[in-house]
Amino acid sequence: MAGNSQRKNRRTSNKKGMQVGSGGQRRRGLEGRGPTPPAEERKKHKKNRMATAKAKQAASRRPAPRRGGVKGTSEMVVGRNPVFEALRDGVPATTLYVQQYIDNDERVREALQLAGERGNIHLMEAPRPELDRMTNGLNHQGLVLQVPPYEYADPQDLTAAAYDNGEDPLIVALDGITDPRNLGAIVRSVSAFGGHGVVVPERRAAGMTAGAWKSSAGTAARTPVSRVTNLTRALEAYKKEGIAIVGLAADGEHTVEDLEALGGPVVVVIGSEGKGLGRLVGETCDYRVRISMPGGAESLNAGVAAGIVMYEVARRRA
């Protein structure tokens with residue numbers, strides 16, 4: 001009897017019992033999900049990324065105004081032609097010193113006229129010994145122009161300006177560029193192709209001197225330059241904001257025309273023509289790109305290279 005009972009129970013347990021329903025989940029899965037959320041709320045969308053970055057900027061932004069970074073040192077432009085060219089090219093100036101009893105030739109008259117037209121440059125007459133002392137004995141030819149210290153921007157101001165305009169940041173960082181004329185030419189390219197600023201290191205690098213102002217052809221007045229004590233740390237800070245760091249190198253693994261990262265938020269790092277990128281800066285870069293040169297040249301001037309890369313970025317964003 002016991003054996004028959006066990007067999008009966010076994011047969012009963014194998015029977016198909018009641019099935020648990022889905023509770024309507026399958027039916028609800030077929031229903032619509034409502035209207036598509038705004039672009040700012042959709043992950044991986046460009047506007048969502050920009051809104052998130054802008055919020056981070058607002059949370060960490062300092063109350064200081066733009067151009068509130070460190071200041072450079074004042075500078076003296078000496079000589080009749082250099083002074084005239086600086087005034088003609090819009091180099092900022094506070095005072096024009098003119099030697100007493102100077103020969104009033106055409107260059108002197110033109111310099112005085114340009115300074116007078118500016119309206120905010122003081123004209124000071126000084127004896128020759130005083131001008132010799134001011135210029136440490138340089139051949140000033142009776143004209144000395146005082147250029148005020150340049151007010152460098154904070155590096156975070158550059159990205160903040162981009163986000164405020166609803167744009168992806170486009171910044172150029174320079175590693176080992178010592179010629180002020182190259183710096184001015186790069187500032188000019190950044191301005192021409194819609195960049196948001198230039199970052200330069202404090203040591204062993206050109207700053208915004210009168211020569212850089214002249215080479216920028218006036219664009220330095222609207223394109224901020226930031227000076228940092230440690231370029232690697234500044235690049236790391238940009239990386240934390242989700243900005244790609246792209247270094248320009250002759251042996252780069254990518255070509256400028258093939259790198260998709262140039263279409264988004266990016267910092268382009270340019271090294272010197274001879275040495276290229278420093279080791280630490282190169283290791284900080286997310287990508288290293290090269291410019292294709294079918295003509296066989298080994299390298300390009302830093303200002304020319306910057307212009308080529310900036311054009312490619314602008315083309316992708318158009």
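Annotations
- Residues within the stretch 119-145 that are in a strand (DSSP E or B) and closer than 12 Å to GLY79 by Cα, tallied: 3
- Within the stretch 253-275, tally of residues that are free of Cβ contacts under 8 Å to residues at least 60 places away in the same chain and either buried (at least 19 other Cβ atoms within 10 Å of the Cβ) or touching a helix residue (DSSP H, G or I) at 6+ places or on another chain (Cβ under 7 Å) (or both): 6
- Of everything listed in (1) under 15 Å from the mean Cα position of the chain (by Cα); (2) in contact (Cβ under 8 Å) with a residue 24 or more places away in the chain, the single unmet condition for ALA206 is (1).
- Residues being open to solvent by 20 Å² or more (accessible area, probe 1.4 Å) and at positive phi - total across the stretch 74-97: 1
Condition check ((1) farther than 22 Å from VAL309 by Cα; (2) at pLDDT 95 or above; (3) touching a helix residue (DSSP H, G or I) at 6+ places or on another chain (Cβ under 6 Å)) across all residues:
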| site | (1), (2), (3) |
| --- | --- |
| GLY119 | yes, no, no |
| LEU131 | yes, no, no |
| MET134 | yes, no, no |
| VAL147 | yes, no, yes |
| ASP164 | yes, no, no |
| VAL172 | no, yes, yes |
| THR178 | no, no, no |
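- Scope the stretch 111-167; condition closer than 30 Å to GLY194 by Cβ, in contact with a Lys or Arg (Cβ under 8 Å, 6 or more places away or on another chain) and open to solvent by 50 Å² or more (accessible area, probe 1.4 Å); matching residues: PRO149, GLU151, GLN156, ASP164
- Options HIS140, HIS196: the member that is in contact with an Asp or Glu (Cβ under 9 Å, 6 or more places away or on another chain), over 24 Å from ASN230 (Cα atoms) and not β-branched (Val, Ile, Thr): HIS140
- Long-range neighbours under 7 Å by Cβ, at least six apart or interchain, first residue free of Cβ contacts under 8 Å to residues at least 40 places away in the same chain within the stretch 126-138, second among the β-branched types (Val, Ile, Thr) and assigned to a loop (DSSP other than H, G, I, E, B): none
- Within the span defined as the stretch 281-289, every residue fails to be in a loop (DSSP other than H, G, I, E, B), out of contact with any Ser or Thr (no Cβ under 8 Å at 6 or more places or on another chain) and more than 25 Å from ALA160 (Cβ to Cβ).
- Counting the residues of the stretch 172-190 that are out of contact with any strand residue (DSSP E or B) (no Cβ under 9 Å at 6 or more places or on another chain) and open to solvent by less than 30 Å² (accessible area, probe 1.4 Å) gives 1.
- Of all residues in the stretch 218-252, those that are open to solvent by less than 20 Å² (accessible area, probe 1.4 Å) and outside any strand (DSSP E or B) total 11.
- Of the listed requirements (1) free of Cβ contacts under 8 Å to residues at least 24 places away in the same chain; (2) assigned to a helix (DSSP H, G or I), ASP157 misses just one: (1).
- Check on ALA314, open to solvent by less than 20 Å² (accessible area, probe 1.4 Å), within 17 Å of the chain's Cα centre (by Cα) and more than 21 Å from PRO155 (Cα to Cα): no
- Residue check for GLY207: touching a Ser or Thr at 6+ places or on another chain (Cβ under 9 Å), part of a loop (DSSP other than H, G, I, E, B), open to solvent by less than 40 Å² (accessible area, probe 1.4 Å) and not aliphatic (A, V, I, L, M): yes
The values are calculated or read from the model by the stated rules, or taken from the named source; none is laboratory data. Everything quoted here is computed from the prediction, not taken from an experiment. Reconstructed Cβ throughout: ideal geometry from the backbone, glycine too, with neighbour counts over all protein chains shown. The accessibility values were calculated without ligands, DNA or RNA, using every heavy atom of the protein model including side chains. Shrake-Rupley method; radii C 1.70, N 1.55, O 1.52, S 1.80 Å.
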